[in-house]
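Below is one structure, written out as structure tokens, with a few remarks after it.
Please treat every number below as a calculation from the coordinates, not as lab data. Just so you know, these numbers come straight off a predicted model, no measurement behind them. Here the Cβ is made from the backbone with ideal geometry for all residues, glycine too, and neighbour counts use every protein chain on show.
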Amino acid sequence: MANEQGIKVEIYDQTYVMKGQLDDGYVQSLARMVDAKMRSIATRTRTVDTLRVAVLAAMNIADECQQLRSKMAQVEQRVTECSNVLDDLLRVS
């Protein structure tokens, strides 16, 4: 449900209020994902600097996003190729 008052989330032991037309459950889910990513990186790198952990987490999430975009582009290209083949087959029939 949208909450114009703001949604409180906790990320890496810090509380943030997210404002706007936002879905509470979705925002909480995103916050849990970011929190988990930051904690994982902090554990693996044994880094205690919050800013460094946040930047590394952002880079990791950006990499995952870019990889998914690349895969999506490949899928879209393949769908277009398959659609063209089907169009050709239907024209022949």
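Quote the relative contact order of the chain in percent (integer), defining contacts as alpha-carbon pairs under 8 Å separated by 6+ residues. Don't skip to the answer; put the middle values down first.
Working: 66 pairs, mean separation 16.2, N = 93.
Computed over the chain, the figure is 17 percent.
Could you pull out the trypsin sites (Lys or Arg not before Pro) across the stretch 1-58 that fall in loop regions by DSSP (anything but H, G, I, E, B) with no more than 16 other Cβ atoms inside 10 Å? Intermediate results must be reported in sequence, preceding the final value.
On the way: sites: LYS8, LYS19, ARG32, LYS37, ARG39, ARG44, ARG46, ARG52; in loops: LYS19, ARG46.
Hits after loop and neighbour filter: LYS19, ARG46.
Given the alternatives (i) 101, 38, 20; (ii) 64, 37, 13; (iii) 41, 28, 22, Cα extents along the principal axes in Å as computed for this entry is given by (ii).
Residue-wise HN-Hα couplings along the stretch 41-53, as the Karplus relation 6.51 cos²θ - 1.76 cosθ + 1.60 with θ = phi - 60° gives them from phi, are 5, 4, 5, 5, 9, 6, 8, 9, 6, 4, 4, 5, 4 Hz; Gly and Pro carry x.
Restricting to DSSP H runs of at least four residues, report the calculated mean residue ellipticity at 222 nm for the chain, -39500 (n - 2.57) per run over all residues, nearest 500 deg cm²/dmol. Don't jump to the answer; show the numbers that get you there.
On the way: 2 runs with 65 residues, N = 93.
Calculated from helices alone, the mean residue ellipticity at 222 nm is -25500 deg cm²/dmol.
Of all lysines in the structure, those lying under 26 Å Cα to Cα from LYS8, and not within fewer than 8 positions of it along the same chain, are LYS19, LYS37.
Summarising the amide proton neighbourhood of ILE11: residues at separation of 5 or more, or on other chains, whose placed amide H is nearer than 5 Å comprise TYR16. Listed values for the stretch 74-87 are Karplus-derived 3J(HN,Hα) couplings in whole Hz (6.51 cos²θ - 1.76 cosθ + 1.60, θ = phi - 60°), namely 5, 5, 4, 5, 5, 4, 4, 4, 5, 4, 5, 4, 5, 4, and x replaces Gly and Pro. Here the Karplus relation 6.51 cos²θ - 1.76 cosθ + 1.60, evaluated at θ = phi - 60°, turns the backbone of the stretch 57-67 into coupling constants of 5, 4, 4, 5, 5, 4, 4, 4, 4, 5, 4 Hz, with x for every Gly and Pro.
Once you reduce the stretch 30-93 and the stretch 3-22 to the center of their Cα atoms, the two points are 24 Å from each other. Think of the stretch 7-92 as having a plus end and a minus end, set by charges on the Cβ of Lys, Arg, Asp and Glu; of TYR12, THR45, ALA73, THR45 sits farthest toward the positive end of this dipole. Database remark: amide H of GLY6 closer than 5 angstrom to the amide H of GLY20 (H placed geometrically; neighbours at sequence offset of 5 or more, or on other chains; Pro and chain starts carry no H). For the chain, the Cβ-based charge dipole about the Cα centre amounts to some 380 debye (Lys, Arg positive; Asp, Glu negative; other atoms uncharged).
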